[in-house]
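S.K.: Would you mind keeping the following structure in view while I ask a few things?
The values are calculated or read from the model by the stated rules, or taken from the named source; none is laboratory data. Since the model is a prediction, treat every value here as computed from it, not as a measurement. Here Cβ is always computed from backbone atoms with ideal geometry, including for glycine, and neighbour counts include all displayed protein chains. The area values use the complete protein model at the heavy-atom level, side chains included, leaving out ligands, DNA and RNA. Shrake-Rupley method; radii C 1.70, N 1.55, O 1.52, S 1.80 Å.
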Amino acid sequence: MVRFKNRYVLCEVISEDSRCRQCIEDRALGLAVRDAIARVHGDYGLACCSISFTVKYLNAYTGTVLLRCRKDSYRLLCSALPFVRSLESRAQRYSCFLNTLHVGGTIRTCQKFLIQYNRTQLLRLLQNCTNEEERQCVQKSLLSCSLTEEQSQSGDEEEED
Amino acid sequence: AAAFERRVLRRAAEHHYLRVRLELPDGGARPNAAQFKQLVVTALRELHGEVGAALPVDVLTYEEKTLSAILRVISSGFVKLWSALTLLGFYQNRRCAFRVLQTSPFLLALSGNSRELVL
């Protein structure tokens, strides 16, 4: 009848340090976010947001993070994300910031958005390619993610004939 | 005869006023006005963080002898202020407590208190 509704916040970790992305862990990121909420919203905000707070998904290669919280306190969480300035892991502090990409009600909607977003990011990467082998790599991955649509189109044409 | 008209405005006042008294059971040095305001802002910062500490709170009057004051706060931050005052326990490592005597959206209403009427 009445169920607990969650909000899933999709963010991207952006850092000038190239080693930062390889070293991010879900526990360190969770601690950094909770610390930022405690600073910005105090004890009450921390307790509110920690009820159902976890780092659901973390991709170290692309820096994609999916956080979960209760629907009643997602605004507290989203307003505290710009105050995450550094991540600490293995006694090293890396300065970084989180870019909020999407807020969804389920993991499935966030995944659909992420697939769409990655497609546009690949196109942008293709434009910014510097050398030839990078260009070949990006073109191959672009073709692989859009190849299924072409096959279905060619199938339709054959049926019309 | 003029038609009777009644207007009800909900949440129209922009400020709320509180008359509070600080209880310090041990007889030590009393805070002055600036330290009192610092105490209120510290209470807000502990419970509601930087967002709470940035609430526009004013100490309109303060009496050092009785440690009682009149605070003014913007109406949207009224609940945050009262909850922060309730949960404050220590002033310079001394036990303390805030008692809220009267609150009203109008300052004039704080001038009279029917609880202290001598009949």
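S.K.: Taking A:S141 as meeting all but one of (1) among the polar types (S, T, N, Q); (2) open to solvent by 60 Å² or more (accessible area, probe 1.4 Å); (3) at pLDDT 80 or above; (4) part of a helix (DSSP H, G or I), write down the number of the exception.
M.R.: Going through the list (1) among the polar types (S, T, N, Q); (2) open to solvent by 60 Å² or more (accessible area, probe 1.4 Å); (3) at pLDDT 80 or above; (4) part of a helix (DSSP H, G or I), A:S141 breaks only (2).
S.K.: Which residues, counting only those in segment A:10-69, are touching a residue at least 60 places away in the same chain (Cβ under 8 Å) and polar (S, T, N, Q)?
M.R.: Listed by number, the list holds a single entry, A:S15.
S.K.: Which number in (1) exposed (fewer than 14 other Cβ atoms within 10 Å of the Cβ); (2) at pLDDT 95 or above marks the one condition that B:A12 misses?
M.R.: Failed condition: (2).
S.K.: Of all residues in segment A:29-43, which are within 14 Å of another protein chain (Cβ to nearest Cβ), more than 17 Å from B:A43 (Cα to Cα) and open to solvent by 40 Å² or more (accessible area, probe 1.4 Å)?
M.R.: Passing the criteria: A:R34, A:D35.
S.K.: Consider segment B:75-104. How many of its residues are over 15 Å from B:A43 (Cα atoms), open to solvent by 50 Å² or more (accessible area, probe 1.4 Å) and not in a helix (DSSP H, G or I)?
M.R.: 2
S.K.: Failed condition for A:L58, given (1) in contact with a Phe, Trp or Tyr (Cβ under 9 Å, 6 or more places away or on another chain); (2) within 30 Å of A:S146 (Cα to Cα), with all others met?
M.R.: Of (1) in contact with a Phe, Trp or Tyr (Cβ under 9 Å, 6 or more places away or on another chain); (2) within 30 Å of A:S146 (Cα to Cα), only one is false for A:L58: (1).
S.K.: Specify the residue that is farthest from the other protein chains (Cβ to nearest Cβ); the eligible residues are those in segment B:48-66 that are surrounded by fewer than 18 Cβ atoms within 10 Å (Cβ to Cβ) and assigned to a loop (DSSP other than H, G, I, E, B).
M.R.: B:K65
S.K.: Which residue is farthest from the other protein chains (Cβ to nearest Cβ), if the candidates are limited to segment A:44-57 and must be surrounded by 15 or more Cβ atoms within 10 Å (Cβ to Cβ) and closer than 17 Å to B:H48 by Cα?
M.R.: Out of the qualifying residues, it is A:S50.
S.K.: Select from segment A:74-88 the residues that are of a type outside the set (A, V, I, L, M, F, W, C) and within 13 Å of another protein chain (Cβ to nearest Cβ) and write down the one among them that is least open to solvent (accessible area, probe 1.4 Å).
M.R.: Only one residue fits best here, namely A:S79.
S.K.: Go through (1) crowded, with 16+ Cβ neighbours inside 10 Å; (2) closer than 21 Å to B:Q92 by Cα; (3) of a type outside the set (A, V, I, L, M) for B:G28 and report which single condition fails.
M.R.: (1)
S.K.: Okay, moving on. Which residues, counting only those in segment A:102-121, are under 30 Å from A:L143 (Cα atoms) and open to solvent by less than 40 Å² (accessible area, probe 1.4 Å)?
M.R.: Within segment A:102-121, A:G104, A:C110, A:L114 qualify.
S.K.: Out of (1) open to solvent by less than 50 Å² (accessible area, probe 1.4 Å); (2) small (G, A, S); (3) over 30 Å from B:L88 (Cα atoms), the odd one out for A:S18 is which?
M.R.: The failed condition is (1).
S.K.: Being assigned to a helix (DSSP H, G or I), within 16 Å of B:A97 (Cα to Cα) and either open to solvent by less than 30 Å² (accessible area, probe 1.4 Å) or within 14 Å of another protein chain (Cβ to nearest Cβ) (or both) is the filter here, so list the residues in segment B:31-47 that pass it.
M.R.: B:F36, B:L39, B:V40, B:V41, B:T42, B:A43, B:L44, B:E46, B:L47
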